[in-house]
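A.B. asks: One structure is given below, represented as structure tokens, and several questions about it will come after.
Only the coordinates and a few stated rules stand behind these numbers; no lab work does. Predicted model, so just to flag it, every value in this text is computed and none were measured. Note that we place each Cβ from the backbone using ideal geometry, even for glycine, and neighbour counts take in every protein chain shown.
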Amino acid sequence: MRKILKKYSGREKRRVEDYLHKISSIIVAEAVKYNAKIVMENLKHIRSSTNGKSKSIRRRLNRWNFRKLQFFIEYKARWSGLSVDYVKAYKTSSLCPMYGCRLNPNEQRLVKCNRCGITFDRDVVATLNIFKSGCGSSVPPERSLMKSGL
């Protein structure tokens, strides 16, 4: 029984690692194509944030490969000569990327800015805020395009 379990658990691990390698290769290839810098949020101590949560939530979160995908992206990007930066993820999904004010939860995944009235998905907000802090830009890319008339 243990031999069979070991065989199949190893197979699943290899499949996941293969998938992560393929995803990281696609991400780095796109970054190389545009000569872009790769910016990711710092996930080094994310598992410690699950302390105090229920047992089922801890089990689900501990099955995720948080850092492995980042590791694959980082070493492939550095191999290709691209720079990789890590940004603190604090409040990235709860601040408006346009004005920096606090967003109000609208639905389960949506948040709304009272100042500009735009409704965002939490993940999109976090992505734009990580872009801003990683690239040193105070204005997200779509707003800078609006100003330039494109």
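A.B. asks: Given the conditions (1) of a type outside the set (Lys, Arg); (2) in contact (Cβ under 8 Å) with a residue 24 or more places away in the chain; (3) touching a Phe, Trp or Tyr at 6+ places or on another chain (Cβ under 8 Å), which single one is not true for Glu17?
C.D. replies: Status for Glu17: all satisfied but (3).
A.B. asks: How many residues does segment 86-98 contain that are closer than 15 Å to Gly136 by Cα and more than 12 Å from the chain's Cα centre (by Cα)?
C.D. replies: 2
A.B. asks: Another question, then. Of the residues that sit in segment 28-73 and are polar (S, T, N, Q) and under 17 Å from Phe131 (Cα atoms), which one is surrounded by the most Cβ atoms within 10 Å (Cβ to Cβ)? First the steps, then the outcome.
C.D. replies: Here is the first cut: in segment 28-73, the residues polar (S, T, N, Q) are 35, 42, 48-51, 54, 56, 62, 65, 70.
Now drop any that are not under 17 Å from Phe131 (Cα atoms), which leaves 35, 42, 70.
Working: Asn35: 8, Asn42: 14, Gln70: 20.
Going through the qualifying residues, I end up with Gln70.
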